[in-house]
Structure formats: C-alpha cells, structure tokens
1. Under a plain spin-label model, where a point goes 7 Å from the Cα along Cα-to-Cβ, how far apart in nm are residue 57 and residue 87?
2. Near residue 118, within a Cβ-to-Cβ distance under 14 Å, what is the net charge of the other residues, with Lys and Arg +1 and Asp and Glu -1?
Amino acid sequence: MTSVAKSQEFVETLTVTPHALRGVRKGVAKYLVDTDMETITDEVLLIVTELLTNVYKHVPRNQVAELRIASSGGVCQVSVSDRSQVIPSASEPDWDSSSGRGLFLVAEIDPAWKITITGTGKCISCTVPAPSLSAVAR
C-alpha cells in the first residue's frame with residue numbers, strides 16, 4: 001500500500017482487502033481533517049468504502065486500485081481506478097438484502113458520478129461539495 005498526500009491531493013494505490021480498507025479509511029479521514037474538509041467526512045468515507053468494496057467484490061484476480069481525492073473550487077473529487085473494464089450500474093437496491101446499495105448511495109451523493117474506461121481498466125469518479133473549501137476560495 002502506497003500513500004501520497006500532495007497539498008490538496010490524496011493518492012493511495014493498494015491491493016483491496018478488508019484490512020487495507022480499514023487503513024485507507026483512517027488515512028482519508030486524517031486527510032480530510034488536515035485539509036479542512038472534515039464537514040464532508042461521512043460522505044467521502046461512504047464513497048471510498050463503496051467504490052473500494054466494489055473492487056474487492058467484483059474485480060477478479062487483481063484487486064489493485066488507485067484512490068485519488070482532490071479538492072478544488074469548493075468541491076472534493078473522489079476517484080477510484082481499477083483494472084477491470086466491467087461497467088457497474090446504480091439501480092434501485094433490494095431493500096431487504098444486506099448488500100447491493102453501494103452505487104445507489106454514491107449516486108444519491110452525486111447524481112452526476114461517472115465512469116471512464118481507460119486503457120488499463122476504468123475510473124469511477126464523483127464530487128462532493130466542500131463548504132469549507134468554497135469559503136476559502138472566495
């Protein structure tokens with residue numbers, strides 16, 4: 001697991017496992033506090049958890065992912081890249097099931113979330129308004 005924090009950017013490349021996910025969540029929470037974005041911690045951690053959990057559950061054999069969080073212009077952008085070109089979909093979940101709500105929840109936070117196919121897989125990205133950043137940007 002490699003982690004880099006550059007000014008307003010957090011980048012971590014990891015093999016996704018439940019143990020690694022716990023460490024990533026702690027690192028992201030610290031980054032959000034350090035960059036004055038603690039007001040959106042719940043939303044960002046939910047997105048990070050859901051997107052990385054999808055890599056763990058749905059990317060066979062090679063569960064390497066890159067998590068990138070960047071802040072600019074009053075928003076926080078969260079991106080997860082993996083090595084699969086399989087396109088996930090956000091649909092109405094089965095509310096009686098104990099799983100299957102991940103992308104639905106991501107879409108509730110950012111209805112404009114997107115998937116970009118890359119030469120090596122895909123990147124899922126979304127944005128979260130960061131009130132403390134917009135106050136600084138004025």
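A short reminder: the numbers here are calculations on the coordinates, not readings from a lab. The structure displayed is predicted, hence computed values, not measured ones. As a convention, Cβ positions derive from the backbone with ideal geometry for all residues, glycine included, and neighbour counts pool all protein chains shown.
1. Computed distance between label sites residue 57 and residue 87 equals 2.0 nm.
2. With Lys, Arg at +1 and Asp, Glu at -1, the net is +2.
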